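S.K.: Before I ask anything, here is the structure I am working with.
The values are calculated or read from the model by the stated rules, or taken from the named source; none is laboratory data. All values derive from a computational prediction rather than experimental measurement. Every residue, glycine as well, gets a Cβ built from its backbone with ideal geometry; the counts of neighbours run over all protein chains shown.
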Protein chains: 2
Amino acid sequence: MISRSAYLPAEERREITVETVIELAAEQNPADITTGAIAKRMGVTQGALFRHFPSKDAILQAVMEWVSDRLLARIEKATSRAASPLGALEAAFMAHIDFITEHPGVPRMLFGELQRAEQTVAKQMAQTLIQRYGERLCLLIADGKKRGEMAAGLDEKAAVILFIGTIQGLVMQALLAGDVKRIRANAPGV
Amino acid sequence: MISRSAYLPAEERREITVETVIELAAEQNPADITTGAIAKRMGVTQGALFRHFPSKDAILQAVMEWVSDRLLARIEKATSRAASPLGALEAAFMAHIDFITEHPGVPRMLFGELQRAEQTVAKQMAQTLIQRYGERLCLLIADGKKRGEMAAGLDEKAAVILFIGTIQGLVMQALLAGDVKRIRANAPGV
DNA sequence: ATCGTTAGGTAGTAGTCAATCACTATCTTT
DNA sequence: AAAGATAGTGATTGACTACTACCTAACGAT
C-alpha cells in the first residue's frame, strides 16, 4: 500500500503529538504552545487532540515521559561503553549534548516545567528525571575517586552541579545566539 | 505627617511596580504573572497600572532595566575592591549569588525572557545584560592570564560559559529544592 | 456487505487576559 | 476657595484559551 490510511491508530497519534510538541518547543516559548498550534502542525483540528489526551497537561506529561525515557537510556548506553569513570563522564556529557542538539526543544521544556508554580505531574517527572540523572553522575564520580582518577577531596554534589550547570550554560548561550549548532562546536572546548 | 497620602507620585508607583513584579516572580512562573496579579499585590486596580505604563511589555522592560542597573553595579563594585583578577572573579561570583538570594525572582525572569520567541525590547535588554556581563568576565580572565594567575592555555569563552553555567546550575538546584537559601550554602564549595 | 467501533471535524462554551475609557477622588497651584 | 492637573476606579471589550458535545467518515471483524 502506497497511500497511508486517513486515520492513524491512537498510539501512533500520541507519539506524533509528543514529537510535535518538542518540535514546537524548539521554535517558540514552551509556555505558550497552544493546543491549537499543536493540532495545526499535525494537520488535525484542535478538538481531535482531546480524543487521545484528556487534557493539555496530560500531553505535557507524555512529553516528559518521552524525554525521560530517551535521555536516560542514552546516558546509560554511553556510560556503559566507557572503560573508566572519567571516560564515562565525558561520554555522558557528549551524549547529553548530542541529545539536545537533536531536540533543542527539550531543555526549554524541562526548564519551563521547573519554573511552574503548581506541582503538576509533568513537573514532578522533570524533577525526578534530573534527580536520577544527578544520582547516576554521583555514582560515577564516587567510582572515579576510588580508582584514583579524581581528587579524593572532590565534593560530589558540587561536581554534579558543575556538570549540569555547564550544560545549562551551553544551552543558554545557544538561546542567546539563537544558534543550536554552536553548542556542539563549543562543547569539546569546555 | 504621619498618614501617607492616598495617591503616590508616578515615579514611585513605577518603582513599586517593578519591585512587585520581581517579588511575584519569586513565587510563581514569570510567564503567567498577570497585570491583575501585580495590581492586586500593590493594592490597586488592574486598570491603574496602565496609567504609568503603556503596556505590560513596558513593565517587563522596566524590570529588566532595574535588574541590569543593579546587578552590573554590584559586580562592578565587587570586582573593583579585589586585589587580583582571581579574587575579583570570586568576588563577582559571590556578589552575583548574593543578588540572586536577595531577589530570587530575577534569574527566573531573565530566563523567562530569553525563552520568548518574539524579539521584545525586554528580551533584548536581557541579552545585552548577559553579553556585557560576559565581556566583563572575559577581561578579568585575560588579565589573570597576563599576571600568571591562570593557565595561559585557558579558553576564555569556555571559562565564561562555565562561570555563568555554574551559577545557573545552582539556581536550578534551588528551583528543584524550592529552597533559596541552599544556594548560599553550596556556593563556597563550588 | 454489514455493523459496531474508533478517529476526526464542526461549532461551539466558559473563562482569562491585556488594554481602554468615562468617571471620580485627591493633590497642587494660584 | 476655585480650578486645573494627576492618580485611581470600575466596568467593558475583544482576542485568545482549554475543553466539550454532537455529528460524520473511515476502519475492521465477521
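S.K.: The conditions are (1) modelled with pLDDT of 90 or more; (2) under 17 Å from the mean Cα position of the chain (by Cα); (3) buried (at least 21 other Cβ atoms within 10 Å of the Cβ), and B:T166 fails exactly one of them. Which is it?
M.R.: In the conditions (1) modelled with pLDDT of 90 or more; (2) under 17 Å from the mean Cα position of the chain (by Cα); (3) buried (at least 21 other Cβ atoms within 10 Å of the Cβ), B:T166 misses (1) alone.
S.K.: When you scan the stretch B:135-156, do you find a residue that is touching a residue at least 40 places away in the same chain (Cβ under 8 Å), out of contact with any Pro (no Cβ under 9 Å at 6 or more places or on another chain) and more than 9 Å from chain A (Cβ to nearest Cβ), even just one?
M.R.: Scanning the stretch B:135-156 turns up at least one residue that is touching a residue at least 40 places away in the same chain (Cβ under 8 Å), out of contact with any Pro (no Cβ under 9 Å at 6 or more places or on another chain) and more than 9 Å from chain A (Cβ to nearest Cβ).
S.K.: Could you please find all residues in the stretch A:27-71 being at pLDDT 95 or above and away from DNA strand D (no atom under 14 Å from the Cβ)?
M.R.: A:G43, A:M64, A:E65, A:W66, A:V67, A:S68, A:D69, A:R70, A:L71
S.K.: Are any residues in the stretch B:42-66 more than 8 Å from DNA strand C (Cβ to nearest atom) and within 13 Å of B:M109 (Cβ to Cβ), and if so, which ones?
M.R.: Passing the criteria: B:L60, B:Q61, B:A62, B:V63, B:M64, B:E65, B:W66.
S.K.: Moving on. If a residue must be more than 7 Å from chain B (Cβ to nearest Cβ) and part of a helix (DSSP H, G or I), how many such residues does the stretch A:113-123 contain?
M.R.: The qualifying residues number 4.
S.K.: When the stretch B:2-34 is examined, which residues are found to be of a type in the set (D, E) and more than 13 Å from DNA strand C (Cβ to nearest atom)?
M.R.: Correct list: B:E15, B:E19, B:E23, B:E27.
S.K.: Could we say that A:D98 is under 30 Å from B:P104 (Cα atoms) and either within 16 Å of DNA strand D (Cβ to nearest atom) or modelled with pLDDT under 95 (or both) here?
M.R.: For A:D98, the condition - under 30 Å from B:P104 (Cα atoms) and either within 16 Å of DNA strand D (Cβ to nearest atom) or modelled with pLDDT under 95 (or both) - is not met.
S.K.: Now for a separate question. Between residues in the stretch B:1-19 that are more than 14 Å from chain A (Cβ to nearest Cβ) and closer than 19 Å to B:P54 by Cβ and residues that are more than 9 Å from DNA strand D (Cβ to nearest atom) and modelled with pLDDT of 95 or more, which pairs lie under 7 Å by C-beta distance while being six or more apart or on different chains?
M.R.: B:R14/B:A62; B:T17/B:I38; B:T17/B:I59; B:V18/B:A62; B:V18/B:V63; B:V18/B:W66
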